[in-house]
Amino acid sequence: MNKSMVVLLLLAAAPVFAQQATPERQAEVARRGAQVMPFELTATTHVFTTTSDGGVQRVVAKDPSDARQTGLVRAHLREIARQFKDGDFSAPARIHGDAMPGLARLKAAAPGQVQVAYREVDGGAELVYRSDDPQLVAALHEWFGAQLADHGKDAMAGHHHH
């Protein structure tokens, strides 16, 4: 069985976006997020899109003309990209907790096993995650699902791409 077949099987088996956080959990994540993310969670939308080799995390201002939120999103995601490339996943752990699904496997990855690319988009920015390791792809998908659940109405699932 080749790697792409394994990835597809993992994707089919993992109910990535079926998770649901309680309102109390979402409020706690929002409180912690305000200490880590410089932009306003309620003024932005997180979009999590899985791909066959990882995924795309996009954060955009709900008001595309809000230059302040757009600038804060871009600065934050540039810094997060730098941290993740160095294997530092402490920011999501501070927001979502150390037991966040997928996070332990991402933290344990060797440098370069997960590639992270930053791109600016209208109203914000996105991080593109890629890995050749099916277990790390599954970890990324679990991690996306946990973020989607934790951010509640301020997040949405993107369309899955193969």
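Step by step: first the residues of segment 41-61, then only those that are farther than 14 Å from A155 by Cβ and outside any strand (DSSP E or B), then the one that is least open to solvent (accessible area, probe 1.4 Å). Which residue is that?
S52
In this structure, does G87 turn out to be within 19 Å of S131 (Cα to Cα) and of a type in the set (G, A, S)?
yes
Tell me, which residue of segment 136-162 that is of a type in the set (A, V, I, L, M, F, W, C) and not in a helix (DSSP H, G or I) is modelled with the highest pLDDT? Give the steps one after another, and end with the answer.
Here is the first cut: in segment 136-162, the residues of a type in the set (A, V, I, L, M, F, W, C) are 136-140, 143-144, 146, 148-149, 155-157.
If we keep only those that are not in a helix (DSSP H, G or I) too, we end up with 155-157.
Numbers: A155: 70, M156: 78, A157: 83.
My answer is A157.
Scan segment 62-74 for residues that are farther than 16 Å from F48 by Cβ and open to solvent by less than 50 Å² (accessible area, probe 1.4 Å) and jot them down.
Hits for segment 62-74 are D66, Q69, T70, G71, L72.
If I ask for residues that are open to solvent by 80 Å² or more (accessible area, probe 1.4 Å) and touching a Phe, Trp or Tyr at 6+ places or on another chain (Cβ under 7 Å), which ones from segment 75-89 would you list? Please lay out each step first, then the result.
Going through segment 75-89, the residues open to solvent by 80 Å² or more (accessible area, probe 1.4 Å) turn out to be 78, 82, 85-86.
Once the filter is applied, which keeps residues that are open to solvent by 80 Å² or more (accessible area, probe 1.4 Å) and touching a Phe, Trp or Tyr at 6+ places or on another chain (Cβ under 7 Å), segment 75-89 yields only R78.
With the requirement that a residue be open to solvent by 40 Å² or more (accessible area, probe 1.4 Å), over 17 Å from Q57 (Cα atoms) and not aliphatic (A, V, I, L, M), what does segment 91-129 give you?
R94, D98, R105, K107, P111, G112, Q113
Kindly check whether there is at least one residue in segment 106-120 that is assigned to a strand (DSSP E or B), at negative phi and among the hydroxyl-bearing types (S, T, Y). Talk me through it step by step, then tell me what you get.
The initial filter retains those residues of segment 106-120 that are assigned to a strand (DSSP E or B), namely 115-120.
If we keep only those that are at negative phi too, we end up with 115-120.
So of that shortlist, the ones also among the hydroxyl-bearing types (S, T, Y) come out as 118.
Checked segment 106-120: at least one residue is assigned to a strand (DSSP E or B), at negative phi and among the hydroxyl-bearing types (S, T, Y).
May I ask you to list pairs of residues, at least six apart or on different chains, whose Cβ atoms are under 9 Å apart, with the first in segment 78-92 being within 13 Å of E126 (Cα to Cα) and among the acidic types (D, E) and the second being part of a helix (DSSP H, G or I) and open to solvent by less than 30 Å² (accessible area, probe 1.4 Å)?
E79/A91
Does G145 meet the test of being in contact with a strand residue (DSSP E or B) (Cβ under 6 Å, 6 or more places away or on another chain) and crowded, with 17+ Cβ neighbours inside 10 Å?
Numbers: in contact with a strand residue (DSSP E or B) (Cβ under 6 Å, 6 or more places away or on another chain): no; crowded, with 17+ Cβ neighbours inside 10 Å: yes.
So G145 fails the test.
The values are calculated or read from the model by the stated rules, or taken from the named source; none is laboratory data. Bear in mind that the values here come from a model prediction, so they are computed numbers and not experimental data. Please note: Cβ atoms are built from the backbone with ideal geometry, for glycine as well, and neighbour counts cover all protein chains shown. We work out accessible area using only protein heavy atoms, side chains counted, and drop any ligands, DNA or RNA first. Shrake-Rupley method; radii C 1.70, N 1.55, O 1.52, S 1.80 Å.
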